[in-house]
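Here is the structure we will look at, set down as structure tokens.
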Amino acid sequence: MKIDLSYQGAYSARLKNSVDWQDNADSAAGKEIAVSKNGQSVKLTYSNELIRFKDYTGEIFLMDIHAQNGDPNDIFSYKPKEQWPVFSQYLSETKYFDSYDAKEITEIESALQKIMDGLDTLPSQEGE
């Protein structure tokens, strides 16, 4: 499995794919989407700055010391202090989340975070 350093969970990936960033990110600038939370609806507009920031975040993740020194035989070495996204990415790639709605995915990933918190506090090979 190749670790996606920008992966922030299945729910986030589903949102990202629903906007279709990959095909034409520049066309998202100015696009409005309606979102609701806690019974309130708002419209959000994607700005040009957001598009540029999205493009730059990949570079930021690649600068991480763990990304540069990750061991392909130890997929968790790429994110030793935040391991739940690695496990979530694996579940996502094996289609585990496909039959769940957004709320269920959020609940599952929240449980993953709690489970993995203990492992995230262990010292890594660099002694951190």
*Express in nm, to one decimal, how much length is gained between Asp71 and Ser36 on full extension, taking 0.36 nm for each residue of separation and deducting their alpha carbon distance.*
8.5 nm
*So how much accessible area does Thr94 have, in Å² to the nearest 10, using a 1.4 Å probe?*
70
*asked:* Apply the Karplus curve 6.51 cos²θ - 1.76 cosθ + 1.60, θ = phi - 60°, to the phi angles in region 79-91 and return the couplings in whole Hz, x for Gly and Pro.
replied: 9, x, 9, 7, 8, 4, x, 5, 5, 4, 4, 4, 4
_Packing-based ranking, highest mean first, of 108-118, 79-89 given that Cβ atoms within 10 Å are counted_ = 79-89, 108-118
_Table column - 3J(HN,Hα) (Hz), region 31-47, Karplus curve with 6.51, -1.76, 1.60, x for Gly and Pro_ = 6, 9, 10, 9, 10, 9, 8, 6, x, 9, 9, 9, 9, 10, 10, 6, 9
*In region 63-121, what percent of the accessible surface is made up of carbon and sulfur (1.4 Å probe, ligands and nucleic acids excluded)?*
54
*Return the subset of Lys2/Lys43; Lys31/Lys81; Lys31/Lys114; Lys43/Lys81; Lys79/Lys114 for which the Cα-Cα distance in this structure is over 27 Å, preserving the input order.*
Lys2/Lys43; Lys31/Lys81; Lys31/Lys114; Lys43/Lys81
_At 1.4 Å probe radius, can you tell me the per residue accessible area of region 63-121 in Å²?_
61
*asked:* Suppose R0 equals 25 Å. What FRET efficiency, 1/(1 + (r/R0)^6) with r the Cβ-Cβ distance, do Thr94 and Leu44 give to the nearest 0.05?
replied: 0.20
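The values are calculated or read from the model by the stated rules, or taken from the named source; none is laboratory data. Here the structure is a predicted model, which is why all the values come from computation and not from measurement. A quick note on method: Cβ atoms are made from the backbone with ideal geometry, for glycine too, and the neighbour counts reach across all protein chains shown. Ligands, DNA and RNA are excluded from the accessible area calculation, which covers all protein heavy atoms including side chains. Shrake-Rupley method; radii C 1.70, N 1.55, O 1.52, S 1.80 Å.
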